[in-house]
Amino acid sequence: MRITCVGGGPAGLYFAIAARALDPGHEITVLERRPPGSTYGWGIVYWDDLLEGVRRVDPPTARAIRAGSIRWPGQQVAVQGRPPVHLGGTGYGMSRRRLIDVLTTRAVQLGVDVRFEHDVDDLPSGGADLVVLADGANSRLRRARAAAFGTTERLGGNRHIWLGSTEPFDHFTFAFERTAAGWIWCHGYRYQPDASTVIVECSGATWEALGFDAMDDDDCLAGLERIFARHLGGHRLRNRTDDQGGRSAWTAFPTVTNAHWYDGPTVLIGDSAHTSHFSIGSGTRLAFQDAAALARALRRCPPAHLTGALQAYEDLRRPAVLAVQDAAGCSAGWFEHVDEHMRLPDLEFGLSLRLRRTVPPGEEIDVTWMPATLHRLTQWRLGRTARRVVSTSRRGVEQHRRPRATTAVPPPARTAEPLDTAPSAGSGGRADR
């Protein structure tokens, strides 16, 4: 099958890898508007389930991703100058640029034609049997066909900005600071030994009252450095440089949904198809799972049976994505009501944050004895170590029980191989990138 993929980010490149690894007969071209070696953003976070899913499709890619990552030992909540509350849940950080380099190198090794500095204003012609739109949440091609896909975009109530820092956060850190205008907080995580992503978030009212709506970049960074000085340890905040695609700006998070994931021979994957709030850390994982599911549905699929394969892909992925979007909605709602949660004592506040994915906004969290007991045990070093050991063992057992991908050719219509979409045990409250 001749396939053109628009977008050379993680979703598009990993789809090309998965499709070629599962069926070397595909002829795949990836079109990316940026020059080689450039991307936007700072670092991503992910968990063991992403690595396991990649390993099942293409072990060399999994090994390269792991080799380019660092592991952080847990998550913590720091409220002003008070002792941190530990949440558990280990994970990985990786430079987005390094991830793109890893995926590009592997795609080229597998015979994919990756073309940089190739902007696409309309659906590519040239005889492709399938066009894969992997050009992100702001996809111009999807928006031009919003009626066909049934696209909706809903903005959240808070404001946030993605920044970087040389502060090497040891743990994934939620840092909260009170200002005269209200609470403001950051999600900080290390993605390489000397660099971290810092996502600053606050309510729209606080954002305006602090004057960030009218500040230039330098004044904004200086103001945020003062607010979060105790957490930055003397390190500076940085905005994106021009080669990364422009400057970071304050924005409201857009939740994207589509009633239909394909229209004729055009299909959506990753953020083009759906977004989930950054506070649950599922963006890259969902993009990779979409890519693998689509590649499996297309394996040795003749063009005459393309519609059945695309429908099978949508039928498989939609329920998993909707479940994640529901959890993301709960998480985003929790952060939109921070003032209410701040009335809790620190330990209960931390537990509320950890369980935020499970309760819709406005509903009270019903804490059973097990989560509360584990949360209290996690506050001691020995308890955190024991929890990591148990979680690692549980993940190993689950991975051993999961069915391995087979090489059998699936029937051509409305079939696709199972793709695990469940989060790994012990992941805790994820903070999305």
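The values are calculated or read from the model by the stated rules, or taken from the named source; none is laboratory data. Since the model is a prediction, treat every value here as computed from it, not as a measurement. Positions of Cβ are backbone-derived with ideal geometry, glycine not excepted, and every protein chain shown enters the neighbour counts.
Out of curiosity, is ARG63 among the charged types (D, E, K, R), closer than 17 Å to ALA291 by Cα and modelled with pLDDT of 95 or more?
No, not satisfied.
Per-residue answers, yes or no, for (1) more than 13 Å from the chain's Cα centre (by Cα); (2) in a strand (DSSP E or B); (3) of a type in the set (A, V, I, L, M):
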site: ASP290; (1), (2), (3): no, no, no
site: ALA293; (1), (2), (3): yes, no, yes
site: ARG296; (1), (2), (3): yes, no, no
site: LEU306; (1), (2), (3): yes, no, yes
site: ARG318; (1), (2), (3): yes, no, no
site: VAL321; (1), (2), (3): no, no, yes
site: ALA328; (1), (2), (3): no, no, yes
site: GLU340; (1), (2), (3): yes, no, no
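Out of everything in the stretch 293-322 that is of a type in the set (Gly, Ala, Ser) and surrounded by fewer than 21 Cβ atoms within 10 Å (Cβ to Cβ), what residue ends up being nearest to LEU50 (Cα to Cα)?
Restricting to residues being of a type in the set (Gly, Ala, Ser) and surrounded by fewer than 21 Cβ atoms within 10 Å (Cβ to Cβ), the top hit is ALA320.
Which residue out of ARG154, ARG159, ARG178, ARG145 is over 30 Å from LEU123 (Cα atoms), touching a strand residue (DSSP E or B) at 6+ places or on another chain (Cβ under 7 Å) and of a type in the set (Lys, Arg)?
Within the list ARG154, ARG159, ARG178, ARG145, the selection yields ARG159.
Looking at the stretch 68-118, which of its residues are at pLDDT below 95, part of a loop (DSSP other than H, G, I, E, B) and either surrounded by 22 or more Cβ atoms within 10 Å (Cβ to Cβ) or more than 24 Å from the chain's Cα centre (by Cα) (or both)?
GLN80, GLY81, ARG82, PRO83, PRO84, GLY89, GLU117, HIS118 - these are the residues of the stretch 68-118 that are at pLDDT below 95, part of a loop (DSSP other than H, G, I, E, B) and either surrounded by 22 or more Cβ atoms within 10 Å (Cβ to Cβ) or more than 24 Å from the chain's Cα centre (by Cα) (or both).
For ARG82, state whether it is basic (Lys, Arg) and touching a Ser or Thr at 6+ places or on another chain (Cβ under 8 Å).
So ARG82 fails the test.
For the stretch 119-137, enumerate the residues that are in contact (Cβ under 8 Å) with a residue 24 or more places away in the chain and surrounded by fewer than 19 Cβ atoms within 10 Å (Cβ to Cβ).
Selection gives ASP119, VAL120, LEU123, PRO124, GLY126, GLY127, ASP129, ALA137.
Search the stretch 119-145 for residues being among the aliphatic types (A, V, I, L, M) and within 25 Å of the chain's Cα centre (by Cα), and hand back the single one that is farthest from GLY8 (Cα to Cα).
Checked the stretch 119-145; the qualifying residue farthest from GLY8 (Cα to Cα) is ALA144.
Looking at the stretch 196-216, which of its residues are modelled with pLDDT under 95 and buried (at least 20 other Cβ atoms within 10 Å of the Cβ)?
Listed by number, the list is empty, since nothing qualifies.
Of everything in the stretch 146-167, what is in a loop (DSSP other than H, G, I, E, B) and crowded, with 17+ Cβ neighbours inside 10 Å? Give them in sequence order.
Across the stretch 146-167, the qualifying residues are GLY156, GLU167.
Go through the stretch 132-180 and give me each residue that's within 21 Å of ALA332 (Cα to Cα) and among the small types (Gly, Ala, Ser).
Scanning the stretch 132-180 gives GLY136, ALA137, GLY156, GLY157, ALA175.
In this structure, is GLY329 on the phi > 0 side of the Ramachandran plot and touching a residue at least 24 places away in the same chain (Cβ under 8 Å)?
no
Within the stretch 195-264, which helices (runs of 4 or more DSSP H) (wholly inside it) include 1 or more residues that are in contact (Cβ under 8 Å) with a residue 60 or more places away in the chain and either farther than 20 Å from SER279 by Cα or of a type outside the set (Gly, Ala, Ser) (or both)?
Filter on the stretch 195-264 gives 217-227, 229-232.
Out of GLY37, GLY25, GLY53, which single residue is at positive phi and either part of a helix (DSSP H, G or I) or of a type outside the set (A, V, I, L, M, F, W, C) (or both)?
GLY37
Provide a single number: the residues in the stretch 55-88 that are touching a helix residue (DSSP H, G or I) at 6+ places or on another chain (Cβ under 9 Å) and under 22 Å from ARG106 (Cβ atoms).
Count: 14.
At pLDDT 95 or above, surrounded by fewer than 20 Cβ atoms within 10 Å (Cβ to Cβ) and not hydroxyl-bearing (Ser, Thr, Tyr), is that true of ALA180?
Yes.
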